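A quick write-up on the structure given underneath.
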Amino acid sequence: MIVFDLKCACGLEFEGWFGDRADFERQQADGLVRCPGCGGVEVRKILSPVAYNRCAGSTATGSGSGHPEGGSGQPAEAELAAALRMVQEFVRRNFEDVGAKLAETSLRMRYGLEEPRNIRGFASEEEKKMLREEGGELLTIPMPREDEAN
């Protein structure tokens, strides 16, 4: 089972539960994914907020409660920094760096002019806005410069 955050053309955001990604795509193609507010079928997936939880019983912060907080109620900074480094390394190894051509490449893939693939790069605020208006999804992850990563 997978949960997607969805957004209708009317602006309403809601959740949808599906067997898997293919199930979502099939239902959307069949016009079965509908907005609970207006009943419209112009629904698209949007980025979901990411939750970070330590494993139950972890004592890295001394709480042992399984929550990402220490005794002060603040997130364990070292754990969050380590998680960010893991994400950054995954992106660096598994996403093609297209640099300043992120918006252009994203649109070319969206409209079938290039094969879809994992890409990373950077875009101006204007380009990010344009991509969102075109229905594109962006996830901003702070990445160290290459000389800092080594």
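FYI, it's all coordinate maths here, none of it is from the lab. Source: prediction; values computed, not measured. Every residue, glycine among them, receives a Cβ derived from its backbone with ideal geometry; neighbour counts consider all protein chains shown.
Which shape class applies to the range 95-136: rounded if a/c is under 1.5, otherwise prolate when a/b exceeds b/c and oblate if not, where a ≥ b ≥ c are the square roots of the Cα gyration tensor eigenvalues? In terms of gyration-tensor shape, oblate. The Cβ shell under 15 Å around Asp5 holds other residues with a net charge of +2, Lys and Arg each +1, Asp and Glu each -1.
Report the FRET efficiency, 1/(1 + (r/R0)^6), for Asp30 and Met86, where r is their Cβ-Cβ distance and R0 is 35 Å, rounded to 0.05. Before the final figure, lay out the partial values.
Numbers: r = 38 Å, r/R0 = 1.08.
Computed FRET efficiency for Asp30 and Met86 comes out at 0.40.
In terms of its C-alpha gyration tensor, the range 2-46 has an oblate overall shape, because the principal axis ratio a/c (a ≥ b ≥ c, square roots of the eigenvalues) is not below 1.5 and a/b does not outweigh b/c. Lys45: which aspartates and glutamates have alpha carbons under 17 Å from its alpha carbon, excluding same-chain residues fewer than 8 sequence positions away? Hits, sequence-local ones excluded: Asp5, Glu13, Glu15, Asp20, Asp23, Glu25, Asp30, Glu133, Glu134, Glu137. Segment Lys7..Ala100, full-extension length gain: 30.7 nm, with 0.36 nm per residue of separation and the alpha-carbon distance subtracted. If R0 is taken as 25 Å, the Cβ-Cβ distance between Arg44 and Trp17 corresponds to a FRET efficiency of 0.95.
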